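Following: one structure in structure tokens, then a few remarks.
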Amino acid sequence: MTTDLLVHEAANMGLVLTDENLRAFKSFAAELLKWNSKVNLTSITDENEIVIKHFIDCLHLAPHVLNEDLLLDIGSGGGLPVIPLKIVRPDTMMVSVDAVGKKINFQRHVIRMLGLKNIEALHMRIEDLEKTRAGKFSLITSRAFTRLDHFAVLASPLLASGGRIIAMKGLGADDEIAESSDVLRSLGFSITSQHAYRLPNNMGTRALVVMEPCKPA
């Protein structure tokens, strides 16, 4: 796996990747490819595409993650974005949730292999997490998981006061925002910012959609 592009793009986001970070990304990519033959983790099987479409994409979220956050990643699949975020934000407490046990087993394997600390990978439905951790998370993320309005429905019981929700979206984000706005308002949320970006080598346009509880008038 070549790392020059990863280092360059991360620097454009204000992130300085250490040699330890780069070793972690290389190991993560290798394990993704190895496990993917048995567990459906990703449709991307080229190492350079993994760097761009997974790692660089996920790192666009890192500038929005604070050290003091308690982050929840919903529908985290093969550990995206939570594991790339953990590599570059080691001090942030993180929890990932997925309903597919094999995907969580993969995440736990990578977490052990990389020696990542203060991160939990939970095999459960997100609705069940509400029973024990309602109102606990200051930042809730998802990547290509579900529609914005459904994401807000699932995330809102788990969001701490003053917290925010960030959805990572691809093509069609503007249409989805328009279609979801009424439901979001009914849930007490508004879209406070959008951050569009292009992946290198013409590999697509993505957007971060930030949602926060509406402030009282």
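What the table shows:
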read-out	value
Selection status of L71, out of contact with any strand residue (DSSP E or B) (no Cβ under 6 Å at 6 or more places or on another chain) and hydrophobic (A, V, I, L, M, F, W, C)	no
All positions within segment 138-168 that are more than 17 Å from V65 (Cα to Cα) and not hydrophobic (A, V, I, L, M, F, W, C)	T146, R147, D149, H150, S156, P157
Filtered residues of segment 34-54 (kept if under 30 Å from A134 (Cα atoms) and assigned to a helix (DSSP H, G or I))	H54
Some residue of segment 97-106 being under 13 Å from the mean Cα position of the chain (by Cα) and buried (at least 20 other Cβ atoms within 10 Å of the Cβ)	yes
Breaking point among (1) modelled with pLDDT under 90; (2) hydrophobic (A, V, I, L, M, F, W, C); (3) buried (at least 17 other Cβ atoms within 10 Å of the Cβ), for V183	(3)
Residue pairs meeting the criteria (Cβ under 8 Å; at least 6 apart or on separate chains; first among the charged types (D, E, K, R), in segment 2-30; second part of a helix (DSSP H, G or I))	E9/I56; E9/L59; E9/P200
Residues located in segment 72-112, provided they are of a type in the set (A, V, I, L, M), in contact (Cβ under 8 Å) with a residue 60 or more places away in the chain and over 20 Å from N21 (Cα atoms)	L72, I74
Segment 13-44, residues that are closer than 14 Å to V88 by Cβ and surrounded by 13 or more Cβ atoms within 10 Å (Cβ to Cβ)	M13, L15, L17, N21, L22, R23, A24, F25, F28
Single unsatisfied condition, H150 versus (1) surrounded by fewer than 18 Cβ atoms within 10 Å (Cβ to Cβ); (2) farther than 25 Å from G101 by Cβ	(2)
Residues of segment 1-32 classified as in a helix (DSSP H, G or I) and either closer than 20 Å to A62 by Cβ or under 19 Å from the mean Cα position of the chain (by Cα) (or both), total	22
Selection from segment 113-145 of residues that are farther than 17 Å from T92 by Cα and exposed (fewer than 15 other Cβ atoms within 10 Å of the Cβ)	M113, M124, R125, E127, D128, K131, T132, A134, G135, A144
Hits in segment 59-76 (condition: surrounded by fewer than 22 Cβ atoms within 10 Å (Cβ to Cβ) and touching a helix residue (DSSP H, G or I) at 6+ places or on another chain (Cβ under 7 Å))	A62, V65
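The values are calculated or read from the model by the stated rules, or taken from the named source; none is laboratory data. Every value quoted in this text rests on a predicted model; they were computed, and no experiment measured them. Counting neighbours? That spans all protein chains shown, and the Cβs are built from the backbone with ideal geometry, glycine included.
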